[in-house]
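Reviewing the structure listed below.
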Amino acid sequence: MIVIFGGAYQGKLDYARENFNICIDDVFMCQDNSTEIDITKKVICGLENFTFACVKAGLEARDLLADLGDMLSDKIIIVSDISQGIVPLDADQRAWREMNGRCMLWLGKEADRVIRVFCGLGQDIK
Amino acid sequence: MNIFISGGCKNGKSYHAQELARDMAREKNVPLYYLATMIPHDHEDDARIVRHLAEREGWGFETIEQGVEICQALTGTTTEGKPVDPQGVFLLDSVTALLSNEMFRADGSMDLDCGRRLAEELTEFAKRTGNTVFVSDYIYSDANKFDEFTETYRAALAMLDRTLARVCDQVIEVAYGFKYIYKQEND
């Protein structure tokens, strides 16, 4: 599993497309109102939307991903880092920030490779 | 060499940018310019400018006030009335303020689509000078779902950052005085 993370609008998906030979049909875009993930796609993009949906549904995002087990081993997961701003006033957004953080910690541990994208450029973290 | 620096606020970006610009100007023996991008709106801004001027005291910067239409700085004058030499070294601190001035204009109007034009202007500025240090702010890791204006601004600033990261020879992230070089091309 490859994890690509970075702030909003940093070009994470473009980075994946340029470096891992994928096309747009390979990409599943997570939605913030659904905890469904299409595991047949090679790239799971916008995982922060999935974690937000998990907050709304009262589910633990990390556990749902862990349940997928080996099915994630050949995936590229793209997730926004939302951990470095002001603590949100809204309770759901506060919970989301923490849910996403737990998820990223788990992903970082499980991943074979972790890349941080900054202004369109990648840094190999793991 | 054109350099792009970003990172979180109060991390030492400006200080590092000043050092890089000063060293580059000394090495090339050319004028050293500070592009003052902030348009003061109140006493707080006036006080900030006084503080920034004091912080740059003794560094050898000549100041150019240019809050919008950045390329006009190259054919203008310094605050002391001297014509600007485009072969000098320029410190543009910050891209963030420049975008804010262009998007939310002083007369109260808004130009939400200015990002594309500004990307072209900054690219042109980099190409014409060849020796500019651009400073921006990394404001992309909030967990807030912002209002439309704030999101438009964030998306536009990120687009400018990515444009400059492509155009510049060196790209640096500063984090609490430490730096990580994402890109280094030979001069």
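The P(r) of the range B:75-141 has a tail past 18 Å containing 49 percent of all C-alpha pairs. Expressed as a fraction of 2.2 N^0.38 Å, the C-alpha radius of gyration for the range B:78-187 is 1.17. Along the range B:163-170 the Karplus relation, 6.51 cos²θ - 1.76 cosθ + 1.60 evaluated at θ = phi - 60°, assigns HN-Hα couplings of 4, 5, 5, 6, 6, 6, 7, 10 Hz to successive residues, with x for each Gly and Pro. Counting only protein heavy atoms and a probe of 1.4 Å, the accessible surface of the range B:104-187 is 50% carbon and sulfur. Across all directions, the average projected area of the convex hull around the alpha carbons of chain B is 10.9 nm². Using modelled backbone amide H atoms (1.01 Å from N, in-plane), which distant-in-sequence or interchain residues come within less than 5 Å of A:Ile115's amide H? Residues meeting the criterion, in which the H sits 1.01 Å from N, are A:Val3, A:Ile4, A:Phe5, A:Ile125. Within the full protein context, the accessible area of B:Asp46 is estimated at about 70 Å² for a probe radius of 1.4 Å.
Using the Cβ-Cβ distance between A:Arg113 and A:Glu18 with R0 set to 22 Å, the FRET efficiency works out to roughly 0.90.
Computed over chain B, relative contact order equals 35 percent, with contacts defined as Cα pairs under 8 Å that lie 6+ residues apart.
Accessible surface computed residue by residue for chain B, with neighbouring protein chains in place and a 1.4 Å probe, gives 49 Å² per residue. With both labels modelled 7 Å from their Cα along Cα-to-Cβ, the B:Lys179 to A:Asp67 distance reads 4.8 nm.
Counting, for every residue in B:171-181, the Cβ atoms of other protein chains within 10 Å of its Cβ and taking the mean gives 1. Counting, for every residue in A:115-126, the Cβ atoms of other protein chains within 10 Å of its Cβ and taking the mean gives 5. Among B:Ala119, B:Ala175, B:Ala165, the residue with the largest mean-square fluctuation in a Gaussian network model of chain B, with springs joining Cα atoms closer than 10 Å, is B:Ala175. The apolar share of the surface of chain A, taken as the fraction of accessible area on carbon and sulfur atoms (1.4 Å probe, ligands and nucleic acids excluded), comes to 49 percent.
The calculated Kirkwood hydrodynamic radius for the range A:2-124 is 14.5 Å, given to one decimal from all distinct C-alpha pairs.
Using the alpha-carbon positions of the protein assembly as shown, Rg (one decimal) and Dmax (whole number) come out as 21.4, 68 Å. Counting only lysines at least 8 places from A:Lys109 when in the same chain, those with an alpha carbon closer than 29 Å to its own are A:Lys12, A:Lys41, A:Lys42, A:Lys56, A:Lys75, A:Lys126, B:Lys145, B:Lys179, B:Lys183. Looking at chain B, what % of its DSSP beta bridges pair antiparallel, to the nearest 5? Counting only bridges with both partners in chain B, antiparallel ones make up about 30 percent.
For the range A:66-126 versus the range B:79-140, the inter-centroid distance based on Cα atoms is 33 Å. Students often get this wrong: which residues of the range B:138-166 have the backbone nitrogen under 18 Å from the point 7 angstrom along Cα-to-C-beta of A:Arg94? Once the point is set 7 Å along Cα→Cβ of A:Arg94, B:142-146 turn out to lie under 18 Å by backbone N, inside the range B:138-166. Computed over chain A, relative contact order equals 38 percent, with contacts defined as Cα pairs under 8 Å that lie 6+ residues apart.
The values are calculated or read from the model by the stated rules, or taken from the named source; none is laboratory data. Only a predicted model underlies this, so the values are computations on that prediction, with no experimental measurement involved. Cβ coordinates were reconstructed from backbone atoms using ideal geometry, including for glycine residues, and neighbour counts include every protein chain displayed. Note: areas computed on protein heavy atoms with side chains; ligands, DNA, RNA excluded. Shrake-Rupley method; radii C 1.70, N 1.55, O 1.52, S 1.80 Å.
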